[in-house]
Structure formats: structure tokens, C-alpha cells
Amino acid sequence: MTEPAAYAIDLEELVGRTAVAAPRDYRALAVATTWIAEHSQLVNVRRLGKVAGELEETPSAILGAMIEIARETNSAADRLGPVQRHCRPLKEPRALFDRTQANPLLLRFAKEGALPAFKTWGLWQDEWTLKFDAIRPVSWILEHCPELRLRAIYGPGLEAEVMQVLGRGRTTIAAIAREVDASYSATHAAVARLEGRGSVVSHDGHGVELSTPVRSWIEGYSAVARRHREQLAS
């Protein structure tokens, strides 16, 4: 297992970058696929869908296959299904890995024994092993990745995104919507839900901010996170 990063992660962007690198890195692909299968409840489906829509053809197909395997492995990962609508199967099938594509014998084996989860997306791969021994439990993740704690509490969607933006100070709903790339109506509805739960306070004509109790809690764990990251970076 690797040590935690010394900086905040962008989970969905990281998954997308893994799909790009996958043809050259079996282990990274296997670990990332295992992670989203095991911890799908921390993945922001809306954001990952946007990442998927920006991928080129091969990474797009690979991401579709990653989610396919995650869903086969853990029914909880079915919530990632909508992301696959933004993924595209390859028009001309190929081996999943470059080294297989370049070796006629390996290519034949991969094509003849291609697993359905890959073949559906125009990829040939005849064997696959998930890496459960390489991923951390959710308790460890939340301890070392404070940026994911809001998702654990508010869900991995727009409400957590709103809370993250408001953690930097008071702002308007329109500004939040622009920053998270969501519609004004969806952002307004998320703010209303958060206000109903006492997490945020709206000031008519003067923006929205975190409620005092919630801000105190967030600032407390942010200070701990900064110290932890400084220790890792030193």
C-alpha cells in the first residue's frame, strides 16, 4: 500500500487520468478499478460523468469497462451506471494493454478469451485480478483525505460540492453554480436542502455561508489536515 498524498486529491480527475494511463499500467488500472468497486459511495457521479465526456476514445472505453467490472464486483457500484452513458466503446477493438497489442501471440489469447466486461467496450483482455489487498478501508481514507469527509456526511453529490465551496467563505448561489459547473436551479435546491438541515445560512441579497457550528467543525479538521500534510511534505 502507498502512503497518502501530501495534497488534496481530485478523485474523479484521478480516475480519468488512470483510464488514460491504463494501456501502459496494469497495476494502476487494477487498483483504481478495485477502489471504485469498494468505495463507490465516495464517487461523485455527476463529476465523473463530465470527466468521462472529455476523454478520448480509448480511455473512454477503458473507463466504461472499469465501471462494468466495479458493478459486477459490488452491487453498490451500480450507482456509477449513469457515468457509462458518457463512455464510448471502441469502433475498432484492440487489446487492453499496449504490450499485448504489440505481441501477436498475446493478442490472439486476449482476443479469443476476452472477458465480457472488456469485450462490451471493444477491448480484449483474457484475465483480470482485482487488488483488494492494495486499497485502504474507508475509515483510513476519511482519516487521511479530509476532502472526502464532506461526501461521507452529505453524500458524494452537489450538496458536498456546495459545502466545499462555502468552506472558503460567503458567496452567492450563482457563483457556486459557476464554480461547480451545475445549473442555478440545481444549486439553489441543494442550498435549500442544506439550509433546512442547519448546515448553511442564507442572507437575502447578501449570499450564503456556512452555519457557525458547521464552520467550526470544518475549520477544526482543516487545521488538523494542514498539519498532517505539512508533516508528510517535510
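Listing for the model above:
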quantity	calculated
Output for region 138-157, where each listed residue is more than 22 Å from residue 210 (Cα to Cα) and of a type in the set (A, V, I, L, M, F, W, C)	138, 140, 141
Test result for residue 177, at pLDDT 95 or above and part of a loop (DSSP other than H, G, I, E, B)	no
Which numbered condition residue 190 fails, given (1) farther than 14 Å from residue 42 by Cβ; (2) surrounded by fewer than 16 Cβ atoms within 10 Å (Cβ to Cβ); (3) free of Cβ contacts under 8 Å to residues at least 40 places away in the same chain	(2)
Filtered residues of region 107-117 (kept if part of a helix (DSSP H, G or I), within 21 Å of residue 59 (Cβ to Cβ) and over 26 Å from the mean Cα position of the chain (by Cα))	107, 110, 111
Residue match in region 124-131 (condition: of a type in the set (A, V, I, L, M, F, W, C) and not assigned by TED's automatic domain parsing to the domain that holds residue 108)	no
Residue in region 118-138 that is at pLDDT 95 or above, in a helix (DSSP H, G or I) and basic (Lys, Arg) present	yes
Residue in region 24-38 that is in a loop (DSSP other than H, G, I, E, B), among the polar types (S, T, N, Q) and within 19 Å of residue 144 (Cβ to Cβ) present	no
Any hit, region 93-100, residues being more than 14 Å from residue 64 (Cβ to Cβ), modelled with pLDDT of 95 or more and in contact with a Phe, Trp or Tyr (Cβ under 6 Å, 6 or more places away or on another chain)	yes
Residue ID - surrounded by the most Cβ atoms within 10 Å (Cβ to Cβ), chosen from residues in region 60-79 that are of a type in the set (D, E, K, R) and in contact (Cβ under 8 Å) with a residue 40 or more places away in the chain	68
Tabulated pairs, region 80-91, first on the phi < 0 side of the Ramachandran plot and in contact (Cβ under 8 Å) with a residue 12 or more places away in the chain, second outside any loop (DSSP other than H, G, I, E, B) and surrounded by fewer than 15 Cβ atoms within 10 Å (Cβ to Cβ), C-beta under 6 angstrom, 6+ apart or interchain	86/53
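The values are calculated or read from the model by the stated rules, or taken from the named source; none is laboratory data. None of the values given here were measured: they were computed from a predicted structure. In this analysis, Cβ positions are derived from the backbone assuming ideal geometry, glycine residues included, and neighbour counts consider all displayed protein chains.
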